[in-house]
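One structure below.
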Amino acid sequence: MSVDIVELRAFYASPLGLVARRRVAAAVSGLWGSLRGQRVLGLGFAIPFLDPDEGERTLALMPAAQGVVTWPEGQRSSTCLADPLMLPLPDACIDRILLVHALETSESPSELLYEAWRVLTPGGRLIVVAPNRRGLWARMDTTPFGQGQPYSRSQLKRLLRRALFSPEAWTETLYMPPLRNALLIRTAEAWESLGTRLNLPFPGLHVVEAAKQLHRPLLVRQVRRAERFAPVLVPAQVPTR
């Protein structure tokens, strides 16, 4: 179930949310670099990590169960409510997709990735931000990343490959505990530096970049066959006259 838009906005306005925003934005920027001339789509609640003026066009689609906000402020809105499993976009029209607060709360993660595959251009790239099953951020429900289904690295790889994406770059972030403690927040950069340098096994988030593969097999749905009962003829005596 999607996290409410009010809770998401309150989290990213808090000191802990600002730390998460800086770390995730840095990870996304490190993977994508410049987006000049690119058509960018954010799915879920990706607006804290999007720059509306960087790409050729930037859109943000949010699940109806979550809610929507006007963005960017002071400009013509580039957001709308949408069903993530039936995006109101034509095929192959987007160059970059950023999924945040989307995969872990989706009722059907595979169908969500299939839709992302459909609207991406050939060679388009997808970044998935998802809570790490082994991290503290997935174990505590005090942040939006503690909601929904967390993933291990191997689970994300299998999910992406089944949807015809090729994972090409991987980074992890948010090593600090998700506590609203002033000391922890002030030392957030030290936690990140230590966790990255020592390759600690409990980061809060996976940030993975995957490329769209050009050939997609047809989906074959398994048909459940009901057990069929055939009548059995039992011989009966014919009365004689």
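The values are calculated or read from the model by the stated rules, or taken from the named source; none is laboratory data. Note that the coordinates shown come from a computational prediction; the quantities given were computed from them, not determined experimentally. Virtual Cβ from ideal backbone geometry, glycine too; neighbours counted across all protein chains shown. When the accessible area is computed, the model is the full protein with side chains, heavy atoms only, and any ligands, DNA or RNA have been set aside. Shrake-Rupley method; radii C 1.70, N 1.55, O 1.52, S 1.80 Å.
Give the residue that is nearest to Pro48 (Cα to Cα), with candidates limited to residues of region 81-117 that are hydrophobic (A, V, I, L, M, F, W, C) and open to solvent by 40 Å² or more (accessible area, probe 1.4 Å).
Leu81
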Query raised in the report: Scanning for something hydroxyl-bearing (Ser, Thr, Tyr) and in contact (Cβ under 8 Å) with a residue 60 or more places away in the chain, does region 69-85 turn up at least one residue?
Result: no
Requested in this report: Give the residues of region 2-26 that are surrounded by fewer than 22 Cβ atoms within 10 Å (Cβ to Cβ) and of a type in the set (Gly, Ala, Ser), sorted by residue number.
Outcome: Ala10, Ala13, Ser14, Gly17, Ala25, Ala26
Query raised in the report: How about region 33-43: which of its residues are under 18 Å from Ala130 (Cα atoms) and either open to solvent by 30 Å² or more (accessible area, probe 1.4 Å) or among the small types (Gly, Ala, Ser) (or both)?
Result: Gly42
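Has region 159-178 got at least one residue that is touching a strand residue (DSSP E or B) at 6+ places or on another chain (Cβ under 8 Å), among the hydroxyl-bearing types (Ser, Thr, Tyr) and in contact (Cβ under 8 Å) with a residue 60 or more places away in the chain?
Scanning region 159-178 turns up at least one residue that is touching a strand residue (DSSP E or B) at 6+ places or on another chain (Cβ under 8 Å), among the hydroxyl-bearing types (Ser, Thr, Tyr) and in contact (Cβ under 8 Å) with a residue 60 or more places away in the chain.
To keep it simple, each residue is scored yes or no on (1) out of contact with any Ser or Thr (no Cβ under 8 Å at 6 or more places or on another chain); (2) outside any helix (DSSP H, G or I); (3) of a type in the set (S, T, N, Q); (4) on the phi > 0 side of the Ramachandran plot.
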| site | (1), (2), (3), (4) |
| --- | --- |
| Val3 | no, yes, no, no |
| Arg9 | yes, no, no, no |
| Tyr12 | yes, no, no, no |
| Arg21 | yes, no, no, no |
| Val24 | no, no, no, no |
| Val28 | yes, no, no, no |
**Report entry** Hey, Pro122 touching a Leu at 6+ places or on another chain (Cβ under 9 Å), in contact (Cβ under 8 Å) with a residue 12 or more places away in the chain and closer than 24 Å to Trp32 by Cα or not
**Finding:** yes
**Report entry** Which numbered condition Gly74 misses (of (1) touching a Phe, Trp or Tyr at 6+ places or on another chain (Cβ under 7 Å); (2) open to solvent by 50 Å² or more (accessible area, probe 1.4 Å))
**Finding:** (1)
Query - Residue list for region 28-61, filter: under 20 Å from Tyr12 (Cα atoms), in contact with a Gly (Cβ under 7 Å, 6 or more places away or on another chain) and in contact (Cβ under 8 Å) with a residue 40 or more places away in the chain - result: Leu50
Query raised in the report: All but one of (1) within 27 Å of Leu174 (Cα to Cα); (2) assigned to a loop (DSSP other than H, G, I, E, B); (3) at pLDDT below 90 hold for Arg197; which doesn't?
Result: (2)
Report summary line: Counting only residues that are touching a strand residue (DSSP E or B) at 6+ places or on another chain (Cβ under 7 Å) and open to solvent by 20 Å² or more (accessible area, probe 1.4 Å), region 52-68 contains a total of 6
**Report entry** Among the residues listed as Thr187, Thr171, Thr121, Thr196, the single one being under 26 Å from Ser2 (Cα atoms), hydroxyl-bearing (Ser, Thr, Tyr) and surrounded by 13 or more Cβ atoms within 10 Å (Cβ to Cβ)
**Finding:** Thr171
Query raised in the report: What number of residues within region 124-148 are of a type outside the set (A, V, I, L, M, F, W, C), part of a loop (DSSP other than H, G, I, E, B) and open to solvent by 40 Å² or more (accessible area, probe 1.4 Å)?
Result: 7
